[in-house]
Amino acid sequence: MLKAKIGIILCSIIVCVYSYQFMTQNSDADIYGNDKESIIKSIQLSERGMNQEDIEILKIIDIKNNRIFPYLYNNKPGFIHFTKRISGNYLISDYDNHSDSSLEAYVLDIESDDSNQLLLIVSNEANDKSKLKVTVDNRTIVKALKIGEKNFSISKIPRSKHDSYSFKLID
């Protein structure tokens with residue numbers, strides 16, 4: 001009789017532990033990037049102490065299983081990149097918002113069908129440069145920029161053989 005009660009208690013504990021693990025493993029706490037509210041939450045978590053009011057999402061860009069958000073935080077350029085999981089939920093892959101400049105260029109790590117890489121440029125209205133010179137493995141590409149407005153652009157550039165990209169702003 002005592003052994004049966006101990007067995008029932010142990011089984012109950014095991015069921016509770018597995019139920020807890022299953023619920024926390026698939027909880028909404030892991031889901032970011034599925035909607036605007038969770039995107040803002042994930043941006044706040046990526047940079048501790050960000051205020052929601054200071055985040056301005058410029059656009060939601062979906063490319064295959066990737067979701068990219070160029071944004072301004074306190075008018076500073078940044079981006080956050082999510083990757084879609086098999087479950088259909090988007091989880092953070094990469095982010096950056098460490099700049100005090102009016103313009104930032106980011107080479108995105110996104111799988112592509114061709115040999116190109118994606119370049120994301122995010123700027124605020126203080127940007128006064130009209131061109132960005134991008135050098136990839138000794139090959140130079142000039143990108144035109146919009147001046148005096150909050151903006152972003154995404155374009156293809158050649159994939160670097162040596163992971164070598166350099167950027168220079170031109171008037």
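If you go through region 55-80 and keep only what is basic (Lys, Arg) and within 14 Å of the chain's Cα centre (by Cα), you end up with Lys59, Arg67. Evaluation of Ile121 against the conditions (1) assigned to a strand (DSSP E or B); (2) at positive phi shows that the sole unmet condition is (2).
Of the candidates Ser155, Ser93, Ser123, the single residue that is within 19 Å of Ile43 (Cβ to Cβ), modelled with pLDDT of 90 or more and polar (S, T, N, Q) is Ser123.
Could you say whether any residue in region 81-88 is within 9 Å of the chain's Cα centre (by Cα) and within 14 Å of Asp35 (Cβ to Cβ)? Checking region 81-88: at least one residue is within 9 Å of the chain's Cα centre (by Cα) and within 14 Å of Asp35 (Cβ to Cβ).
All of Ser130, Ser87, Ser115 fail the test of being over 23 Å from Ile57 (Cβ atoms), in contact with a Lys or Arg (Cβ under 8 Å, 6 or more places away or on another chain) and among the small types (Gly, Ala, Ser), apart from Ser115.
Residues considered: Lys64, Lys36, Lys59. Of these, the only one that is within 21 Å of Leu103 (Cα to Cα), modelled with pLDDT of 65 or more and charged (D, E, K, R) is Lys59. Among the candidates Leu103, Leu120, the residue that is open to solvent by less than 60 Å² (accessible area, probe 1.4 Å), out of contact with any Lys or Arg (no Cβ under 7 Å at 6 or more places or on another chain) and within 22 Å of Ile39 (Cα to Cα) is uniquely Leu120.
Evaluated against (1) under 26 Å from Ile157 (Cα atoms); (2) modelled with pLDDT under 85; (3) open to solvent by 60 Å² or more (accessible area, probe 1.4 Å); (4) β-branched (Val, Ile, Thr), Ile110 falls short on exactly one condition, (3). Taking the listed residues Lys161, Lys133, Lys146, the one that is open to solvent by 50 Å² or more (accessible area, probe 1.4 Å), part of a loop (DSSP other than H, G, I, E, B), out of contact with any helix residue (DSSP H, G or I) (no Cβ under 6 Å at 6 or more places or on another chain) and closer than 19 Å to Ser101 by Cα is Lys146, with no other qualifying. Scanning region 63-82 for residues that are open to solvent by less than 50 Å² (accessible area, probe 1.4 Å) and not aliphatic (A, V, I, L, M) yields a count of 11.
The values are calculated or read from the model by the stated rules, or taken from the named source; none is laboratory data. Note that the coordinates shown come from a computational prediction; the quantities given were computed from them, not determined experimentally. With ideal geometry, Cβ positions are generated from the backbone for all residues, glycine too; neighbour counts draw on all protein chains shown. When the accessible area is computed, the model is the full protein with side chains, heavy atoms only, and any ligands, DNA or RNA have been set aside. Shrake-Rupley method; radii C 1.70, N 1.55, O 1.52, S 1.80 Å.
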